[in-house]
Amino acid sequence: MSIASEILHQYPNLNDQQREIIEHDDHPLLVIAGPGSGKTFCLVLRAINLLLTEKATPKEIVLCTFTEKAAFELRDRIMAAARKVQYQGDLSELCVDTIHGLCNRLILQHRHRTLLGSNYTTLDELTQWLFFETEKPSFLALQLSIQAPCFHCLTPRSGKS
């Protein structure tokens, strides 16, 4: 794969390593570099390049990170790069999310294929805390009932060593 001319025109100062990352399409690629070295920049341009060269559509691209802040920044940077190279496609189906958000989306989208069925929901951080605080006595009782038999099983029986 080559780099789209729109990218080369708008980003003329790409170095050889950046070009290699942006045009790579043979197999998965691991990029190891320090902070501020341009990893996210290359990821953004690689996604835009896939779109411009029609190697992928927005709904076929998944960009995943660990924090919501990083996911929002990544989404903003992709939108900015798309505007800069005048990409005209609809980016609303592009998936930019956290690993947890992506997994939750997949579970929700395919839960009808699992034993979970439709009687399943995930809890955000605040709801988890409220649920735990409300149900803490139940959890503590459950923990005690689980630990007691396990502890008993590890205790030597009288007369045996």
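A few remarks follow.
- Condition met for Arg113 (out of contact with any helix residue (DSSP H, G or I) (no Cβ under 6 Å at 6 or more places or on another chain), under 23 Å from Cys42 (Cβ atoms) and not aromatic (Phe, Trp, Tyr)): no
- Where Gln88 falls short, out of the listed (1) part of a loop (DSSP other than H, G, I, E, B); (2) touching a residue at least 24 places away in the same chain (Cβ under 8 Å): (2)
- Within segment 116-134, the set of residues being modelled with pLDDT under 80 and out of contact with any His (no Cβ under 7 Å at 6 or more places or on another chain) comprises Leu116, Gly117, Asn119, Tyr120, Thr121, Thr122, Leu123, Asp124, Glu125.
- Here Gln17 fulfils each of the conditions (1) closer than 29 Å to Leu106 by Cβ; (2) in a helix (DSSP H, G or I) apart from (1).
- Scope segment 34-74; condition on the phi > 0 side of the Ramachandran plot and either in contact (Cβ under 8 Å) with a residue 12 or more places away in the chain or surrounded by 19 or more Cβ atoms within 10 Å (Cβ to Cβ) (or both); matching residues: Gly38
For (1) among the hydroxyl-bearing types (Ser, Thr, Tyr); (2) within 17 Å of the chain's Cα centre (by Cα); (3) at pLDDT 95 or above, each residue gets a yes or a no:
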position	(1), (2), (3)
Glu6	no, no, yes
Pro35	no, no, no
Leu45	no, no, yes
Asn49	no, no, yes
Lys55	no, no, no
Thr67	yes, yes, no
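The values are calculated or read from the model by the stated rules, or taken from the named source; none is laboratory data. As the structure is a computational prediction, the values presented were derived from the model and not from experiment. Cβ: placed from backbone, ideal geometry, glycine included. Neighbour counts: every protein chain shown.
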